[in-house]
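Colleague: Before we start, here is the structure in question, set down as structure tokens.
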Amino acid sequence: MRKKVIAGNWKMNHSPKDTRNYFAEFNDLVKDSEHEIILCVPYIDVAAALESTHDTNIKIGTQNLNHQVAGALTGDVSVKMLEDIGIKYSIIGHSERRQFHHETDDYVNLKIKSAFDHEIVPILCVGETLYERELGIAKEKIIIQIRKDLEGLPAKFAEQMIIAYEPIWAIGTGKTASTEDANEACKLIRDEIRKMYNDDVADKIRILYGGSVKPTNAQELFNLEDIDGGLVGGASLTPKDFADIVNFDK
Ligand code: PEP
């Protein structure tokens, strides 16, 4: 039985002060949850978030990392710096980074391998644009991303991965994929992992749905066979809404 993962992505929102206030309310609301709860916060909030969630069931992640340990890379934060402060999760390949920072699948692949070398579990994001969906090539796009992003990754790491299927047209738009489409895409990813690795890896890997998840649709989505939880943007910004999503089964 795979443990459900409910991950939040604050994107470029909340200050360190907001972060302290957020967890002062949120921690108690989710203290009885048995799911894996992860909040991926902006770098500037990491220290406040780690401090505010010390000794709780909440894990803190980042939204990106640089795969190199150190170097002349103005404005970047290295995988080793994150490891040193105890970060265990990072989103990698979010569509906003692919679109606005031109991150390619080859680059995403480097980041995934480097994350594992530094004991950070990647939350890899994949998904099609509206244009690709309308052209009827959504499945091909997802399969290409999975194959390229995981190329050369040993099975012992692949089985620990968290992959979020995020149809780009559903991110921040209020539009959600139908439950059938969401489950079908997550199953497609699991089947591809089975082909690339084996049954064991495919049965262990956690595959999430992301794209306008809200308290009102979380239960329906997260109860589907191939959906192991969610990656939540907008609705993770408010403690009550995100707690309602984490507690979807209560
Ligand atoms: C996201 O940022 O990964 C996301 C799914 O955002 P939203 O929930 O706001 O659509």
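The values are calculated or read from the model by the stated rules, or taken from the named source; none is laboratory data. All values derive from a computational prediction rather than experimental measurement. Note that each Cβ is placed from the backbone with ideal geometry, even for glycine, and that neighbours are counted across all protein chains shown.
Colleague: Looking at 155, 138, which one is out of contact with any Asp or Glu (no Cβ under 6 Å at 6 or more places or on another chain), small (Gly, Ala, Ser) and on the phi < 0 side of the Ramachandran plot?
Modeller: One residue alone meets the criteria, 155.
Colleague: Looking at residue 33, is it modelled with pLDDT of 95 or more, surrounded by 15 or more Cβ atoms within 10 Å (Cβ to Cβ) and small (Gly, Ala, Ser)? Break it down into steps so the answer makes sense when it comes.
Modeller: On the way: modelled with pLDDT of 95 or more: yes; surrounded by 15 or more Cβ atoms within 10 Å (Cβ to Cβ): yes; small (Gly, Ala, Ser): yes.
Against the criterion (modelled with pLDDT of 95 or more, surrounded by 15 or more Cβ atoms within 10 Å (Cβ to Cβ) and small (Gly, Ala, Ser)), residue 33 qualifies.
Colleague: Taking the conditions exactly as written (over 16 Å from the mean Cα position of the chain (by Cα) and outside any loop (DSSP other than H, G, I, E, B)), does residue 124 satisfy them or not?
Modeller: Numbers: over 16 Å from the mean Cα position of the chain (by Cα): no; outside any loop (DSSP other than H, G, I, E, B): yes.
Taking the combined requirement at face value, the residue does not satisfy it.
Colleague: State which residue is surrounded by the most Cβ atoms within 10 Å (Cβ to Cβ) when the search covers only segment 11-30 and only residues that are touching a residue at least 60 places away in the same chain (Cβ under 8 Å) and within 16 Å of the ligand (Cβ to nearest atom).
Modeller: The residue in question is 14.
Colleague: Condition first: part of a loop (DSSP other than H, G, I, E, B) and either at pLDDT 95 or above or touching a Phe, Trp or Tyr at 6+ places or on another chain (Cβ under 7 Å) (or both). Now tell me which residues in segment 151-176 satisfy that.
Modeller: 151, 152, 153, 154, 159, 160, 161, 166, 167, 175
Colleague: Let me ask something else about it. I need every pair where a residue in segment 97-116 that is at pLDDT 95 or above has its Cβ under 6 Å from the Cβ of a residue that is charged (D, E, K, R) and assigned to a helix (DSSP H, G or I), sequence separation at least 6 or different chains.
Modeller: That search, which allows pairs on different chains as well, returns 103/97; 105/148; 105/149; 108/149; 109/149.
Colleague: Filter segment 66-83 down to residues that are closer than 18 Å to residue 109 by Cβ and in contact with a helix residue (DSSP H, G or I) (Cβ under 7 Å, 6 or more places away or on another chain), then give me how many there are.
Modeller: 4
Colleague: Give me the pairs, please: first residue somewhere in segment 53-82 and under 22 Å from residue 98 (Cα atoms), second residue anywhere and assigned to a loop (DSSP other than H, G, I, E, B) and small (Gly, Ala, Ser), beta-carbon distance under 6 Å, and either six or more positions apart or on two chains.
Modeller: Hits for this filter: 78/70.
Colleague: Name the pairs: first residue in segment 224-250 and more than 13 Å from the ligand (Cβ to nearest atom), second residue modelled with pLDDT under 95, Cβ to Cβ under 7 Å, at least 6 apart or on different chains?
Modeller: 224/179
Colleague: So, one more: Could you check how many residues of segment 102-121 are in contact with a Leu (Cβ under 8 Å, 6 or more places away or on another chain), within 23 Å of residue 186 (Cα to Cα) and part of a loop (DSSP other than H, G, I, E, B)?
Modeller: Total satisfying the criteria: 1.
Colleague: For segment 181-192, check the following and say yes or no: at least one residue is in contact with a Leu (Cβ under 6 Å, 6 or more places away or on another chain) and more than 16 Å from the ligand (Cβ to nearest atom).
Modeller: Yes: segment 181-192 contains one or more residues that are in contact with a Leu (Cβ under 6 Å, 6 or more places away or on another chain) and more than 16 Å from the ligand (Cβ to nearest atom).
Colleague: Additional query: Can you list residue pairs whose Cβ atoms sit under 6 Å apart, with the first residue in segment 201-221 being at negative phi and within 11 Å of the ligand (Cβ to nearest atom) and the second being of a type in the set (Ser, Thr, Tyr) and at pLDDT 95 or above? Count only pairs 6 or more apart in sequence or on different chains.
Modeller: So the pair list comes out as 209/165.
Colleague: Run down 8, 86, 93 and say which single residue is surrounded by fewer than 21 Cβ atoms within 10 Å (Cβ to Cβ), under 27 Å from residue 245 (Cα atoms) and in contact with a helix residue (DSSP H, G or I) (Cβ under 7 Å, 6 or more places away or on another chain).
Modeller: That would be 86, the only listed residue that is surrounded by fewer than 21 Cβ atoms within 10 Å (Cβ to Cβ), under 27 Å from residue 245 (Cα atoms) and in contact with a helix residue (DSSP H, G or I) (Cβ under 7 Å, 6 or more places away or on another chain).
Colleague: Search segment 159-180 for residues being surrounded by fewer than 19 Cβ atoms within 10 Å (Cβ to Cβ) and more than 19 Å from residue 92 (Cα to Cα), and hand back the single one that is farthest from the ligand (Cβ to nearest atom).
Modeller: Here the residue is 180.
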